[in-house]
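Below is one structure, written out as structure tokens; the observations come after it.
The values are calculated or read from the model by the stated rules, or taken from the named source; none is laboratory data. The structure displayed is predicted, hence computed values, not measured ones. With ideal geometry, Cβ positions are generated from the backbone for all residues, glycine too; neighbour counts draw on all protein chains shown. The accessibility values were calculated without ligands, DNA or RNA, using every heavy atom of the protein model including side chains. Shrake-Rupley method; radii C 1.70, N 1.55, O 1.52, S 1.80 Å.
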Amino acid sequence: MPTIIPIRDLKDTNAISQRCHDSQEPIFITKNGYGDMVIMSMETFERQQVMNEVYAKLAVAEAQHEAGLGRPLADILKESEETYGV
């Protein structure tokens, strides 16, 4: 369940920082009852960036597969085994 707090609660920055690190999730800030901002720890942000890159690469791979491009994984693994002894 997302954490939602009013903007007036941002006065205690140490508590908000601790909450960001403890929850490891974004915290949604409201202003006058409407969504205004999202804050999160650097670790959470970096993790989300990595996942965005993974999803983007998976989308490219899926599009290539649908277009008939690429090679079967079994062929790649066999070739890697022959080349690198893995």
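Remarks
- Within the stretch 44-68, the set of residues being open to solvent by 100 Å² or more (accessible area, probe 1.4 Å), more than 30 Å from residue 20 (Cα to Cα) and modelled with pLDDT of 90 or more comprises 62, 66.
- So residue 32, is it of a type in the set (S, T, N, Q) and more than 15 Å from the chain's Cα centre (by Cα): yes
- Pairs where the first residue, in the stretch 36-55, is of a type outside the set (A, V, I, L, M, F, W, C) and the second is assigned to a helix (DSSP H, G or I) and open to solvent by less than 100 Å² (accessible area, probe 1.4 Å), C-beta under 6 Å, 6+ apart: 41/20; 41/21
- Qualifying position, being small (Gly, Ala, Ser) and either in contact with a helix residue (DSSP H, G or I) (Cβ under 7 Å, 6 or more places away or on another chain) or open to solvent by 90 Å² or more (accessible area, probe 1.4 Å) (or both), among 41, 23: 41
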